[in-house]
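A.B. asks: Okay, handing you the structure first.
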Amino acid sequence: MSYVRGDWALRFRAAASTGRTLASGLDAGRLPCRFLPCAGEATGVHSSPGAYAATRSRLPRSAGGQGTRMEHAPVGRCGSGTCCGATNRRSLHRHACGIAIMRLFDEFAHRYDLHTPPVHYQHDHDFVLETLRSWSMPCHVLDVGCGTGAFLEKALRNGMHVRGVDASPGMVREAEKRLGRDVVRVQRMQELEEQSTYHAIVSLSWTINYCESYTELVDVLHRFYQALRPGGGVVLQIAHAKHAPVEVMEDREPGPGGQPEDVLFLYGFRRPPNQLDELEAQYVYACKSLGEMMHEKHLLHVADARAVASCAQKAGFKDIQLFDSFQRNAFSGALSPFLVARKSGGGGET
Ligand SMILES: C[S@@+](CC[C@H](N)C(=O)[O-])C[C@H]1O[C@@H](n2cnc3c(N)ncnc32)[C@H](O)[C@@H]1O
């Protein structure tokens with residue numbers, strides 16, 4: 001196993017592109033937002049009405065207009081009609097199959113590209129495509145946790161044969177709008193069962209960190225290994241908790257009608273006490289023109305890139321490399337490194 005060494009500059013894709021830093025120390029109990037807690041025409045939902053007053057001073061004046069409104073609804077209200085109420089974890093709800101789904105990725109899947117536009121991933125996607133091309137195989141690629149299908153769309157445009165899976169029906173619906181039907185399906189990575197099907201499996205933006213333990217991760221990576229053809233490979237983008245910045249990051253994006261700075265996205269990551277490889281991720285999405293806002297908080301696990309590399313080795317992979325970023329600099333200080341690894345065999349088969 002080898003680790004390529006390098007620089008710590010572009011440690012996180014969103015921060016490196018348009019992210020701006022806000023006040024440090026995102027407090028889990030106090031939302032960093034200036035929501036007006038009133039009901040009305042608003043369509044947004046929020047689960048913590050008391051947070052507004054305590055935290056309003058944390059944001060700059062430019063963070064939003066006085067007209068932004070919200071209402072409070074119980075966690076678990078779901079536009080998709082497939083969930084059945086709150087779980088023991090705040091901001092998660094369950095689908096009919098019993099799987100906990102993050103609201104950000106399901107109920108709000110149709111807003112994902114608004115707060116995290118595909119242009120943010122441009123360099124990461126180019127890095128992945130270049131890596132796949134360097135394997136000199138015809139490329140049948142599976143994107144695990146494909147989200148809205150932005151990477152798959154690019155891979156398709158680059159002549160690749162593409163498939164995607166995602167645990168969230170909301171994300172799969174969004175991906176279908178991009179890619180048509182029968183390209184993506186609702187499936188958890190823990191349930192992947194294909195054999196010798198793909199030349200490449202990619203899993204970007206920390207999807208792999210929804211494995212809840214290293215045991216589960218080895219099993220998932222073994223499923224990836226089995227699903228790959230000989231000589232195929234994986235590209236994973238992993239959260240590395242030790243390198244999480246204390247600052248809250250901020251992105252402002254155009255609204256659905258192109259209105260400048262209409263969408264505000266705040267995000268922060270912090271390590272729970274005494275946990276070296278977990279991250280509590282918090283996100284605040286607000287769209288002024290749509291009158292929407294939501295807060296999401298959930299845990300990311302197995303957030304140690306070197307431990308993930310060891311798991312990949314246990315699952316059978318070889319030539320395992322860790323990179324700090326799309327620039328292929330060696331892993332040293334990144335929050336969001338890439339792992340690239342291969343399955344033995346192959347040699348130009350189709
Ligand atoms: C941060 S998003 C990344 C989406 C996409 N890969 C991207 O780069 O834009 C994480 C995705 O992982 C999906 N996800 C979460 N747990 C999963 C699981 N167990 N199996 C498959 N997908 C999962 C979520 O629904 C979400 O779409």
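The values are calculated or read from the model by the stated rules, or taken from the named source; none is laboratory data. It should be emphasised that the depicted structure is a prediction, and the values quoted were computed from it without experimental measurement. With ideal geometry, Cβ positions are generated from the backbone for all residues, glycine too; neighbour counts draw on all protein chains shown.
A.B. asks: Taking interchain pairs and intrachain pairs at least six residues apart, which have beta carbon atoms under 6 angstrom, with the first residue in the range 186-200 and under 11 Å from Leu228 (Cα atoms) and outside any strand (DSSP E or B) and the second away from the ligand (no atom under 14 Å from the Cβ) and among the basic types (Lys, Arg)?
C.D. replies: Close Cβ pairs (under 6 Å, with a partner that is away from the ligand (no atom under 14 Å from the Cβ) and among the basic types (Lys, Arg)) amount to Ser196/Arg229.
A.B. asks: Go through the range 126-148 residue by residue and tally those that are part of a helix (DSSP H, G or I), away from the ligand (no atom under 16 Å from the Cβ) and either within 15 Å of Arg229 (Cα to Cα) or in contact with a strand residue (DSSP E or B) (Cβ under 6 Å, 6 or more places away or on another chain) (or both).
C.D. replies: Final tally of qualifying residues: 0.
A.B. asks: Under 9 Å by Cβ, and 6 or more places apart or on different chains, what pairs join a residue from the range 312-325 that is without any contact (Cβ under 8 Å) to a residue 40 or more places away in the chain and surrounded by 24 or more Cβ atoms within 10 Å (Cβ to Cβ) with one that is aliphatic (A, V, I, L, M) and not in a strand (DSSP E or B)?
C.D. replies: none
A.B. asks: Condition first: in a strand (DSSP E or B) and under 19 Å from Lys314 (Cα atoms). Can you find one or more residues in the range 237-248 that meet it? Lay out the reasoning, then the answer.
C.D. replies: We begin by selecting, within the range 237-248, every residue in a strand (DSSP E or B); these are 237, 247-248.
Then keep just the ones that are under 19 Å from Lys314 (Cα atoms); that gives 237.
There is at least one residue in the range 237-248 that is in a strand (DSSP E or B) and under 19 Å from Lys314 (Cα atoms).
A.B. asks: Please specify each residue of the range 151-173 satisfying the condition of being closer than 16 Å to Leu236 by Cα, within 9 Å of the ligand (Cβ to nearest atom) and hydrophobic (A, V, I, L, M, F, W, C).
C.D. replies: Phe151, Val165, listed by residue number.
A.B. asks: What are the pairs, 6+ residues apart or on separate chains, where a residue within the range 115-136 that is buried (at least 22 other Cβ atoms within 10 Å of the Cβ) has its Cβ under 8 Å from a residue that is modelled with pLDDT under 95 and among the acidic types (Asp, Glu)?
C.D. replies: From the range 115-136, no pairs qualify.
A.B. asks: Does the range 168-177 include one or more residues that are in contact (Cβ under 8 Å) with a residue 40 or more places away in the chain, in a strand (DSSP E or B) and of a type in the set (A, V, I, L, M, F, W, C)?
C.D. replies: no
A.B. asks: For the range 302-319, enumerate the residues that are within 17 Å of Ser205 (Cα to Cα) and acidic (Asp, Glu).
C.D. replies: Residue satisfying the conditions is Asp304 alone.
A.B. asks: Hey, another quick one. List every residue pair whose Cβ atoms lie under 6 Å apart, where the two residues are 6 or more positions apart in sequence or sit on different chains, the first residue falls within the range 201-220 and is at pLDDT 95 or above, and the second residue, located anywhere, is acidic (Asp, Glu).
C.D. replies: Val202/Asp143
A.B. asks: Would you mind stating whether Glu216 is surrounded by 23 or more Cβ atoms within 10 Å (Cβ to Cβ), within 13 Å of the ligand (Cβ to nearest atom) and of a type in the set (Asp, Glu)?
C.D. replies: no
A.B. asks: Quick check on Gly231: is it in a strand (DSSP E or B) and in contact (Cβ under 8 Å) with a residue 24 or more places away in the chain? So that I can check it myself, show each step before the final result.
C.D. replies: Numbers: in a strand (DSSP E or B): yes; in contact (Cβ under 8 Å) with a residue 24 or more places away in the chain: yes.
In short, yes.
A.B. asks: Another question about this same structure. Hey, among the residues in the range 186-211 that are more than 9 Å from the ligand (Cβ to nearest atom) and exposed (fewer than 15 other Cβ atoms within 10 Å of the Cβ), which one's farthest from Gly345 (Cα to Cα)?
C.D. replies: Glu193
A.B. asks: Would it be correct to say that Glu191 is acidic (Asp, Glu), more than 19 Å from Ala315 (Cβ to Cβ) and in contact with a strand residue (DSSP E or B) (Cβ under 9 Å, 6 or more places away or on another chain)?
C.D. replies: Numbers: acidic (Asp, Glu): yes; more than 19 Å from Ala315 (Cβ to Cβ): no; in contact with a strand residue (DSSP E or B) (Cβ under 9 Å, 6 or more places away or on another chain): yes.
In short, no.
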